[in-house]
Amino acid sequence: MAVRPDGAERTSLFALVVYILDPLARFLDDLREELVPACLPRAHVTILPPRPVSVDVDEAIEHARTLVTGFAPFDIVAGEVAMFPLTDVIYINIKHGEAELKEMYRALNRGPLAFQEPFPYHPHITLAQDLPPDLVKPLYELARKRWAAFPHSRRIRAERACFVQSTVACTWVDLAEFKLIGVPVG
């Protein structure tokens, strides 16, 4: 682990995410805090799940930048609340934009950013994880109820991606931000 100039003690895990903006982000962060009070949320869609990298961090960042900037901006639309059966992770599925996220994942999950995931990549927005078994079903139902009442757009514009590093405090530090500047196909 390393302590950086910002004082955050960091681990050797990195990820690539698209941050969600308000008002959707505020709603999702509030919902996560309601479901898991100790959570320190920042609403996002993960492109590359947490992983170690096989090269120097600066080299990994440049590799990600080279690939990410080749993608055109696209829309993501959040779908419905669901749950992964093996892990009891409560999440919101992706109704639109899943193909683009999977394409980015496939392009980035090779070379210095390659990692064998424990589960197949499934784009989503995490709401709650690591729950006590007796709370899974009631919190799942609460999440469904709150999400059904959300009155604003569920659209997320993916125009930027952030390369992030985990900390021992279970938070993430932004290391670099990349614009999606490729030309749309079709």
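So in segment 153-172, with the set limited to residues that are farther than 21 Å from residue 71 by Cβ and within 13 Å of the chain's Cα centre (by Cα), which one is surrounded by the fewest Cβ atoms within 10 Å (Cβ to Cβ)?
The qualifying residue surrounded by the fewest Cβ atoms within 10 Å (Cβ to Cβ) is 171.
Taking segment 91-114 as the region of interest, how many residues are open to solvent by less than 30 Å² (accessible area, probe 1.4 Å) and at pLDDT below 95?
Adding up the residues that qualify gives 1.
Go through segment 115-142 and count every residue that is of a type in the set (D, E, K, R) and either surrounded by 14 or more Cβ atoms within 10 Å (Cβ to Cβ) or in a strand (DSSP E or B) (or both).
Result for segment 115-142: 0.
Being in a loop (DSSP other than H, G, I, E, B) and not hydrophobic (A, V, I, L, M, F, W, C) is the filter here, so list the residues in segment 67-85 that pass it.
Keep residues of segment 67-85 that are in a loop (DSSP other than H, G, I, E, B), which gives 69-73, 84-85.
Of everything in segment 67-85, those that are in a loop (DSSP other than H, G, I, E, B) and not hydrophobic (A, V, I, L, M, F, W, C) turn out to be 69, 70, 73, 85.
Does segment 53-90 hold any residues that are in contact (Cβ under 8 Å) with a residue 60 or more places away in the chain and open to solvent by 50 Å² or more (accessible area, probe 1.4 Å), and which are they?
Of everything in segment 53-90, those that are in contact (Cβ under 8 Å) with a residue 60 or more places away in the chain and open to solvent by 50 Å² or more (accessible area, probe 1.4 Å) turn out to be 54, 65, 70, 80.
Does residue 88 fit the bill of being assigned to a strand (DSSP E or B), at pLDDT 95 or above and over 13 Å from the mean Cα position of the chain (by Cα)?
no
Of all residues in segment 31-42, which are in a helix (DSSP H, G or I) and either among the hydroxyl-bearing types (Ser, Thr, Tyr) or open to solvent by 30 Å² or more (accessible area, probe 1.4 Å) (or both)?
32, 33, 34
Which condition from (1) modelled with pLDDT of 95 or more; (2) farther than 22 Å from residue 23 by Cα; (3) touching a His at 6+ places or on another chain (Cβ under 9 Å) is the one that residue 71 breaks?
(3)
What pairs come up if the first residue lies in segment 35-48 and is within 11 Å of residue 127 (Cα to Cα), the second is at pLDDT 90 or above and hydroxyl-bearing (Ser, Thr, Tyr), and their beta carbons are under 8 Å apart, counting only those six or more places apart or on different chains?
Filtered contacts from segment 35-48: 42/19; 43/19; 44/19.
Looking at 16, 28, 48 in this structure, which one is closer than 23 Å to residue 173 by Cβ, assigned to a helix (DSSP H, G or I), open to solvent by less than 70 Å² (accessible area, probe 1.4 Å) and of a type in the set (A, V, I, L, M, F, W, C)?
Selected residue: 28, the only one of 16, 28, 48 that is closer than 23 Å to residue 173 by Cβ, assigned to a helix (DSSP H, G or I), open to solvent by less than 70 Å² (accessible area, probe 1.4 Å) and of a type in the set (A, V, I, L, M, F, W, C).
Does residue 145 qualify as being under 26 Å from residue 37 (Cβ atoms), at pLDDT 95 or above and open to solvent by 60 Å² or more (accessible area, probe 1.4 Å)?
Taking the combined requirement at face value, the residue satisfies it.
The values are calculated or read from the model by the stated rules, or taken from the named source; none is laboratory data. No experiment lies behind these values; they were computed from the predicted model shown. With ideal geometry, Cβ positions are generated from the backbone for all residues, glycine too; neighbour counts draw on all protein chains shown. Quick note on the areas: whole protein, heavy atoms, side chains included, nothing else; ligands and nucleic acids left out. Shrake-Rupley method; radii C 1.70, N 1.55, O 1.52, S 1.80 Å.
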